[in-house]
């Protein structure tokens with residue numbers, strides 16, 4: 001007896017919205033990165049849940065790939081944060097507002 | 001003989017070459033370009049005479065060839081052929097051959113005269129002058145032998161351009177450029193209607209040929225016979241409309257009322273230019289065009305009557321103004337307008353031969369008078385006011401006698417050339433007028449104008465040559481050379497004898513065949529001959545006689561001769577005295593009106609300033625406010641909008657994310673509602 | 001300067017409402033969706049190792065793959081696997097490029113501050129040499145990380 005698929009989806013959505021909440025409310029760039037990680041993992045939950053739901057392994061493999069790409073994304077993200085810090089002496093995302101009208 | 005016609009294009013191309021040479025090398029040539037001009041026009045004259053002989057001696061009696069088709073296509077014409085072609089072609093029939101000779105002869109003589117008038121007087125800018133003359137001669141000759149209406153229109157415009165350039169020759173004065181502009185604009189106003197007429201004819205009949213089986217004249221005749229509907233009008237009404245549109249160009253170019261105002265001002269140009277362009281040839285282009293497509297006008301009695309009435313009215317109208325002018329060239333200008341009025345009257349009453357005859361005679365004697373006036377102006381050290389002349393008779397006998405010959409011809413005194421043609425016009429008008437009251441009115445005006453013609457002509461002669469010298473210049477005239485005397489003598493002889501070409505009254509009275517011009521014009525292409533026109537006119541006009549034909553001829557001739565003599569007599573009485581006074585001033589109010597040219601200039605200026613200018617201003621305001629306002633409004637709105645919208649770009653990542661999420665939520669809700677996901 | 005993570009309440013939490021709203025909408029959608037198959041009917045057959053099957057699929061070892069149930073329908077992922085590996089490498093290099101900066105034509109280590117305290121020229125020099133050294137070290141670590149991810153993704 002397993003848990004119905006709806007609950008997996010709801011869980012993943014909850015996780016996604018938590019990550020989104022972090023992005024919308026936080027100002028620290030590192031917190032941004034973490035929030036994005038949470039959202040990616042929400043997607044992973046979905047993938048794995050549906051892989052189980054359909055009985056094949058495609059979703060699971062995909063979740064692995066997602067993790068690898070998340071690592072790559074974090075690497076680039078950290079690089080950006082470094083540049084950010086170097087240019088503005090801060091990792092607050094509201095400080096660099098030069099790319100605007 | 002037939003192979004000669006292959007050289008026909010050269011008639012026009014000689015002066016074109018002269019134009020190029022004068023323009024390019026004029027400054028380096030002796031006489032500044034006069035020599036190529038004289039050679040070229042001489043060549044044209046020789047070729048034209050050869051053409052005349054070829055037309056006379058050839059079996060067909062005409063030459064018609066298409067040289068170059070520059071556009072062809074399908075035609076959506078009402079009647080006529082499916083395809084339309086725009087071509088350059090040459091049509092040399094008796095009428096064109098005659099006109100070619102006239103134009104090239106006058107042009108040749110004017111070139112020779114220019115040696116004395118322009119070169120010897122040390123004018124500057126002579127290459128420009130001779131280039132203008134060359135280009136004009138080219139355009140005029142090409143216009144004359146154009147075989148279709150469009151080509152005629154193009155060269156019609158080109159002669160107008162040359163007229164503009166040459167009137168404005170002394171462009172450093174104040175009056176000449178303004179006169180040039182006026183001439184250009186007024187004639188262009190008429191040409192506008194002409195252009196519409198050309199398009200209308202092309203759209204209606206799908207052809208613009210003057211002659212031959214596929215001419216628009218033949219097509220129009222067929223349409224009228226077939227009672228066809230053209231653009232919602234009856235065929236005859238439509239022919240009348242298009243004929244009147246073309247007449248607009250004619251009225252402008254031949255200086256007929258109400259577009260005559262440019263011609264007196266055009267006297268600002270050199271006198272030679274006045275002689276060539278504004279008296280003998282270019283102004284004749286309008287009348288020639290009517291004669292060229294006479295078959296078309298003959299299809300419409302209304303158009304013919306309008307031609308006749310406009311002509312008769314202009315003849316009288318201009319003659320009265322000529323009576324009060326002080327400037328010798330102004331008098332001649334008004335007499336030119338008046339004489340072209342006669343030609344229009346002649347053509348309008350169906351006197352095709354008479355009109356062409358007067359055209360020819362007028363070209364000779366008016367060129368003579370203008371060149372004579374040019375000689376007088378040289379004699380007088382460039383003084384044009386007749387009140388400062390006088391007594392030149394003995395000091396310049398060649399000028400005097402040739403001028404008198406021209407004056408007698410102009411006044412219509414027997415047996416000079418002008419009498420024969422003018423009398424024929426008036427006779428033709430009379431016999432038609434006896435049946436048609438409108439034509440009778442036109443005839444009456446023409447008849448009264450004869451009196452005024454006699455008066456102003458001899459007023460001019462007496463003031464200029466008789467009496468005592470009234471200025472120092474008149475006492476000590478400047479001499480004139482052979483280059484001035486030669487053209488004067490040539491034209492003087494022609495003015496005296498050209499009348500022999502068509503002694504119609506003599507034929508009608510005695511039966512002696514002296515109507516050479518009439519038989520000459522009977523030749524040519526089928527449909528463009530005098531015989532064909534006479535047949536057409538048989539349907540249009542009834543003719544009547546007072547008693548018999550002979551008495552009518554005698555009455556008409558007697559009336560016009562008596563009036564001419566009385567006009568000349570009055571002038572003799574008033575002005576052939578040692579110290580003439582201004583008698584015309586005694587006319588009081590009428591004098592002021594005449595001096596002011598019936599306020600025609602004021603009226604036209606009012607039309608421009610009081611009517612057109614506010615209209616243009618209103619259009620400009622509409623353009624500035626509504627059109628520009630709309631365009632500006634669009635840009636202002638988008639500028640303002642973008643200025644507001646761009647503030648979304650705060651540069652803060654969180655805001656972008658919030659916007660993204662908002663958009664996503666909205667999208668989700670919309671899709672959910674549409675897709676029923678919430679049910 | 002943000003010195004560390006701080007919990008902030010008040011107005012800055014306002015955009016968070018959007019996240020909550022999104023969750024509400026999505027939850028509504030999910031709860032209104034009827035999934036045809038019950039989870040009980042799905043799942044994997046007994047007696048096969050999921051991990052090994054994932055490995056076979058990833059490396060395209062079709063011959064070893066089990067054919068029971070839907071597991072046999074798993075697509076081969078070898079090309080994607082290689083591509084991801086390359087992408088990961090590229091991302092690491094990119095992060096290094098981003099982190100590095102140049103001072104007077106010389107590459108300078110990522111974490112050195114330019115506007116240090118007065119008289120920091122010396123330390124900056126040291127930092128440069130250190131930085132070059134540190135660069136190497138970092139790269140090595142990153143490599144290790146990457147290989148870790150590639151092979152032992154499951155550990156996370």
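The values are calculated or read from the model by the stated rules, or taken from the named source; none is laboratory data. For clarity, every value in this text was computed on a predicted model and none was experimentally measured. No Cβ is skipped: glycine too gets one built from the backbone with ideal geometry, and neighbour counts run over all protein chains shown.
Would you check which residues across segment C:42-67 are assigned to a loop (DSSP other than H, G, I, E, B) and more than 9 Å from chain A (Cβ to nearest Cβ) and list them? Give the derivation first.
If we filter segment C:42-67 for residues that are assigned to a loop (DSSP other than H, G, I, E, B), which is where we start, we get C:42-49, C:59-61, C:65-67.
Across segment C:42-67, the qualifying residues are C:46, C:47, C:48, C:49, C:59, C:60, C:61, C:65, C:66, C:67.
Return only the number of the condition from (1) under 27 Å from the mean Cα position of the chain (by Cα); (2) part of a helix (DSSP H, G or I) that residue B:485 does not satisfy.
(1)
Quick grid of which residues meet (1) at the interface with chain A (Cβ under 8 Å from one of its Cβ atoms); (2) at pLDDT below 75:
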residue: C:69; (1), (2): yes, yes
residue: C:76; (1), (2): no, no
residue: C:80; (1), (2): yes, no
residue: C:83; (1), (2): no, no
residue: C:87; (1), (2): yes, no
residue: C:99; (1), (2): yes, no
residue: C:103; (1), (2): no, yes
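Tell me the residue from C:48, C:82 that is farther than 24 Å from residue A:76 by Cβ and free of Cβ contacts under 8 Å to residues at least 24 places away in the same chain, please.
Details: C:82 fails: farther than 24 Å from residue A:76 by Cβ.
Just a single option satisfies the conditions, and that option is C:48.
Please work out which one of (1) at the interface with chain C (Cβ under 10 Å from one of its Cβ atoms); (2) free of Cβ contacts under 8 Å to residues at least 12 places away in the same chain is the condition residue A:98 fails and give its number.
Failing condition for residue A:98: (1).
Being more than 7 Å from chain C (Cβ to nearest Cβ) and in contact with a strand residue (DSSP E or B) (Cβ under 8 Å, 6 or more places away or on another chain) is true for just one of A:49, A:43, A:63, A:29. Which residue is that?
Working: A:49 fails: in contact with a strand residue (DSSP E or B) (Cβ under 8 Å, 6 or more places away or on another chain); A:43 fails: in contact with a strand residue (DSSP E or B) (Cβ under 8 Å, 6 or more places away or on another chain); A:63 fails: in contact with a strand residue (DSSP E or B) (Cβ under 8 Å, 6 or more places away or on another chain).
None of the others qualify; the one that does is A:29.
Which of the residues spanning segment B:489-503 are in contact with a strand residue (DSSP E or B) (Cβ under 8 Å, 6 or more places away or on another chain) and either surrounded by 23 or more Cβ atoms within 10 Å (Cβ to Cβ) or modelled with pLDDT of 85 or more (or both)? If you could, list the steps in order and put the result at the bottom.
Our first condition is that a residue be in contact with a strand residue (DSSP E or B) (Cβ under 8 Å, 6 or more places away or on another chain); within segment B:489-503, this holds for B:502-503.
Within segment B:489-503, just B:502 meets the criteria.
Within segment B:519-529, track down each residue that is buried (at least 21 other Cβ atoms within 10 Å of the Cβ) and part of a helix (DSSP H, G or I).
B:520, B:521
Is it the case that residue A:86 is facing another protein chain (nearest Cβ under 7 Å), more than 13 Å from the chain's Cα centre (by Cα) and not in a helix (DSSP H, G or I)? It would help to see each step written out before you state the result.
Details: facing another protein chain (nearest Cβ under 7 Å): yes; more than 13 Å from the chain's Cα centre (by Cα): yes; not in a helix (DSSP H, G or I): no.
No.
Consider residue A:69 carefully, then state whether it is surrounded by fewer than 21 Cβ atoms within 10 Å (Cβ to Cβ), more than 28 Å from residue A:94 (Cβ to Cβ), at the interface with chain C (Cβ under 7 Å from one of its Cβ atoms) and at pLDDT 90 or above. I'd like the intermediate steps shown before the answer.
Numbers: surrounded by fewer than 21 Cβ atoms within 10 Å (Cβ to Cβ): yes; more than 28 Å from residue A:94 (Cβ to Cβ): no; at the interface with chain C (Cβ under 7 Å from one of its Cβ atoms): yes; at pLDDT 90 or above: yes.
When the stated conditions are applied, residue A:69 does not pass them.
When you scan segment B:564-679 for helices (runs of 4 or more DSSP H) that lie fully inside it, which ones turn up with 2 or more residues that are away from chain A (no Cβ under 14 Å), under 30 Å from residue B:455 (Cα atoms) and in contact (Cβ under 8 Å) with a residue 12 or more places away in the chain? If you could, list the steps in order and put the result at the bottom.
Numbers: elements: B:589-595, B:600-606, B:613-622, B:628-645, B:653-675.
Once the helices (runs of 4 or more DSSP H) in segment B:564-679 are filtered for at least 2 residues that are away from chain A (no Cβ under 14 Å), under 30 Å from residue B:455 (Cα atoms) and in contact (Cβ under 8 Å) with a residue 12 or more places away in the chain, what remains is B:589-595, B:600-606.
Would a scan of segment C:27-41 turn up a residue that is facing another protein chain (nearest Cβ under 10 Å), at pLDDT below 85, surrounded by 14 or more Cβ atoms within 10 Å (Cβ to Cβ) and in a helix (DSSP H, G or I)?
Yes - at least one qualifying residue is present in segment C:27-41.
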